[in-house]
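First comes the structure, then the notes that go with it.
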Amino acid sequence: MSTYMPSQLEITRKWFVLDANGQTLGRLSTQAARVLSGKNSPKYTPFMDMGDHVIVLNAEKIRLTGLKSQQKMYRRYTGFPGGLREESFVRLLDRRPEKIVEQAVKGMLPKSKLGRQMATKLKVYRGDKHPHEAQKPEALAIVL
């Protein structure tokens with residue numbers, strides 16, 4: 001008996017929509033990362049990109065539990081001496097809420113070429129409008 005090995009031609013990618021309105025950041029991110037990596041599919045293969053596309057709407061309405069919304073800091077390094085930049089969760093939520101969700105989901109994907117390829121299938125939008133109606137996305141319920 002041989003092991004089933006899917007080919008790239010057999011992979012059919014679906015589109016799913018997640019609504020972030022009132023959702024907790026971590027729970028939403030794990031669901032999105034699971035779909036992006038293909039772990040929700042019975043044909044899941046760890047070394048292949050088997051995942052589907054995920055659209056996250058209402059990124060500005062995401063929430064954190066406890067005191068994390070006041071304490072959480074996002075840091076990035078510019079590459080220059082003394083170039084460590086810090087921004088609080090509240091300020092980044094006002095300025096670029098899409099970045100918060102993208103960074104949380106990408107942190108849950110593999111840190112490799114495969115993970116970067118999976119992350120390209122993530123689309124995050126502020127508000128409830130998106131330009132992917134032609135792909136006929138299905139609503140994905142958050143399982144708590």
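The values are calculated or read from the model by the stated rules, or taken from the named source; none is laboratory data. Source: prediction; values computed, not measured. Virtual Cβ from ideal backbone geometry, glycine too; neighbours counted across all protein chains shown.
Is it the case that Leu93 is closer than 26 Å to Lys136 by Cα and aliphatic (A, V, I, L, M)? No; evaluated as a whole, the condition is false for this residue. Condition check for Gly127 on (1) part of a helix (DSSP H, G or I); (2) farther than 13 Å from Ser37 by Cα; (3) out of contact with any Lys or Arg (no Cβ under 9 Å at 6 or more places or on another chain): one failure, at (1).
Okay, residues lined up against (1) among the charged types (D, E, K, R); (2) in contact with a strand residue (DSSP E or B) (Cβ under 9 Å, 6 or more places away or on another chain); (3) surrounded by 10 or more Cβ atoms within 10 Å (Cβ to Cβ); (4) more than 30 Å from Asp49 (Cβ to Cβ):
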| position | (1), (2), (3), (4) |
| --- | --- |
| Tyr77 | no, yes, no, no |
| Pro81 | no, no, no, yes |
| Leu84 | no, yes, yes, yes |
| Pro97 | no, yes, yes, no |
| Lys106 | yes, yes, yes, no |
| Leu122 | no, yes, yes, no |
| Glu133 | yes, no, no, no |
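Of the set (1) free of Cβ contacts under 8 Å to residues at least 60 places away in the same chain; (2) acidic (Asp, Glu); (3) touching a Lys or Arg at 6+ places or on another chain (Cβ under 7 Å), all apply to Glu10 but (3). Restricting the stretch 2-48 to residues that are over 21 Å from Lys136 (Cβ atoms) and of a type in the set (A, V, I, L, M, F, W, C), the residue that is surrounded by the fewest Cβ atoms within 10 Å (Cβ to Cβ) is Leu9. Would you point out the residue of the stretch 49-62, among those that are modelled with pLDDT of 95 or more and acidic (Asp, Glu), that is nearest to Ala141 (Cα to Cα)? Looking at the filtered set, the residue picked out is Asp52.
Residues in the stretch 92-120 that are assigned to a helix (DSSP H, G or I), under 12 Å from the mean Cα position of the chain (by Cα) and of a type in the set (A, V, I, L, M): Ile100, Val101, Ala104, Val105, Met118, Ala119. Of all residues in the stretch 105-118, at least one satisfies being charged (D, E, K, R) and either closer than 16 Å to Gln31 by Cβ or touching a residue at least 12 places away in the same chain (Cβ under 8 Å) (or both).
Look at Phe80 and say whether it is more than 15 Å from the chain's Cα centre (by Cα) and in contact (Cβ under 8 Å) with a residue 60 or more places away in the chain. Here the answer is no, as Phe80 does not meet what is asked. Within the stretch 45-56, the set of residues being out of contact with any Lys or Arg (no Cβ under 8 Å at 6 or more places or on another chain) and not aromatic (Phe, Trp, Tyr) comprises Thr45, Pro46, Met48, Asp49. All of Tyr44, Tyr77 fail the test of being more than 18 Å from Leu122 (Cα to Cα) and at pLDDT 95 or above, apart from Tyr77.
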